[in-house]
Amino acid sequence: MEKRKLGRTGLSIAPLVFGGNVFGWTADEKISFDLLDAFFDAGFNMIDTADVYSSWAPGNSGGESETIVGKWLKRSGRSRDDVVIVTKVGSDMGSGKKGLSEKWIMQAVEDSLRRLQIDTIDLYLSHWPDPETPYEETLGAYDRLRSQGKVRSIGCSNLDAAQLRAALDAARIAGLPRYDVLQPEYNLYDRSGFDGPLRNLCIAEDIDVITYYSLASGFLTGKYRSHKDLGASVRGEDIGKYLDGRGMRILGALDDVAADLTAKPAEVALAWVMARKG
């Protein structure tokens, strides 16, 4: 499978990213290993996780996903150069452990490296905006981590156009590394948060975009078509919002295109995201 460079990061990636928020939640360790084996055997190479995954599951406290990824990497025998690992910092881990202050980032990165059993994070993302911490402080911490070899590239998730513009300006003025990657929520249904000023800014500034919820929590697979279908999923509450007139029209269009191409609705939905400029 042909890989491409992820813009200024220099990372070489295949076109799909595996979202690791299911590890330690809906996928136990064995299933997670099987999924990762199949993903990499198919020619893909990028795993997206976060320190907070999956703290919301009963009995979890965060770090479960990173721990599983680390165990899989060690067990798999794959070369570290063949695996691109993305993780995030900033979500609430409890006991005041959250945000993008230099103090917390420097502690959180060590925790993530330990759980992942690696020396360097390929792409480190600010998970959420932190209005209490200046961009210069956050970017300064990332600059230190890059110089120490603990992080290769940096990016951000869930910033709007004004926030991303402010972060880019702060980096330029202070002579600090900028965010080269953005991770927004984006799919055939949820488009308004990215399409428009934010997408235009990413194109203008040559910022790469890796989306999350690209299948709308599974809705765009076509397996949820009524409220009765939601009972089998722990994401039922999240998916229910898509069961409106617009959602049904999108599923209808996916069904038509999938039938014409002898493909699955999920394949069409992901192809649409990948084909979008920006």
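Once you have a ≥ b ≥ c as the square roots of the Cα gyration tensor eigenvalues for the stretch 214-254, tell me rounded if a/c is under 1.5, and otherwise prolate or oblate according to whether a/b is larger than b/c. Could you put the intermediate results ahead of the total?
Details: a/c = 1.81, a/b = 1.50, b/c = 1.20.
Judged from the Cα gyration tensor, the stretch 214-254 comes out prolate (a/c at least 1.5, a/b above b/c).
Labels on offer are (1) 70, 67, 32; (2) 51, 42, 40; (3) 62, 48, 27, and the one holding Cα extents along the principal axes in Å computed from this structure is (2). The dipole here belongs to the chain: it is taken about the Cα centre, uses +1 on the Cβ of Lys and Arg and -1 on the Cβ of Asp and Glu, and is about 240 debye.
Return the subset of 3/277; 74/241; 30/223; 74/264; 30/264; 103/277 for which the Cα-Cα distance in this structure is over 28 Å, preserving the input order. Don't jump to the answer; show the numbers that get you there.
Values: 3/277 18 Å; 74/241 39 Å; 30/223 24 Å; 74/264 33 Å; 30/264 26 Å; 103/277 37 Å.
Result: 74/241; 74/264; 103/277 exceed 28 Å.
Take every DSSP beta bridge whose two residues both sit in the chain; close to 10 percent of them are antiparallel. Using a ≥ b ≥ c from the Cα gyration tensor of the stretch 1-126 (square roots of the eigenvalues), is it rounded, prolate or oblate, where a/c under 1.5 gives rounded and otherwise the larger of a/b and b/c decides, a/b for prolate? Oblate, since a/c reaches 1.5 and b/c is not below a/b. Phi-derived couplings, Karplus 6.51 cos²θ - 1.76 cosθ + 1.60 at θ = phi - 60°, listed residue by residue for the stretch 219-227: 4, 6, 6, x, 8, 10, 10, 7, 5 Hz, with x used for Gly and Pro.
Loop-located GluC sites (Glu not before Pro) in the stretch 1-105 (DSSP state other than H, G, I, E, B) with a sparse environment of at most 10 neighbouring Cβ atoms within 10 Å: 2.
With each run of n ≥ 4 DSSP H residues scored as -39500 (n - 2.57), what mean residue ellipticity at 222 nm is computed for the chain after dividing by its residue count and rounding to the nearest 500 deg cm²/dmol? Roughly -12000 deg cm²/dmol at 222 nm, from the helical runs in the chain. Seen from residue 213, the other residues with C-beta closer than 11 Å to its C-beta sum to a net charge of -2, counting Lys and Arg as +1 and Asp and Glu as -1.
Neighbours of residue 248, meaning other residues whose beta-carbon lies under 15 angstrom from its beta-carbon, give a summed charge of +2 when Lys and Arg score +1 and Asp and Glu score -1.
Around the amide H of residue 156, modelled in the peptide plane, lie the amide H atoms of 126, 181, 182, 183, all under 5 Å away and 5 or more residues distant in sequence or on another chain.
For residue 123, the shell of other residues with beta-carbons less than 11 Å away shows a net charge of -2, using +1 for Lys and Arg and -1 for Asp and Glu.
Answer rounded, prolate or oblate for the stretch 238-278, using the Cα gyration tensor with square roots of eigenvalues a ≥ b ≥ c: rounded when a/c is under 1.5, else prolate when a/b is larger than b/c, else oblate. Let's see the in-between values first.
Working: a/c = 2.21, a/b = 1.30, b/c = 1.70.
The shape class here is oblate.
Here the spin labels are modelled as points 7 Å beyond Cα on the Cα-Cβ line, and at residue 263 and residue 2 they lie 1.6 nm apart. Among the chymotrypsin sites (Phe, Trp or Tyr not before Pro) in the stretch 7-93, those located in a DSSP loop and surrounded by at most 16 other Cβ atoms within 10 Å of their own Cβ are 56.
Readers should treat all values here as calculations from the given coordinates under stated rules, not as data from a laboratory. Since the model is a prediction, treat every value here as computed from it, not as a measurement. Virtual Cβ from ideal backbone geometry, glycine too; neighbours counted across all protein chains shown.
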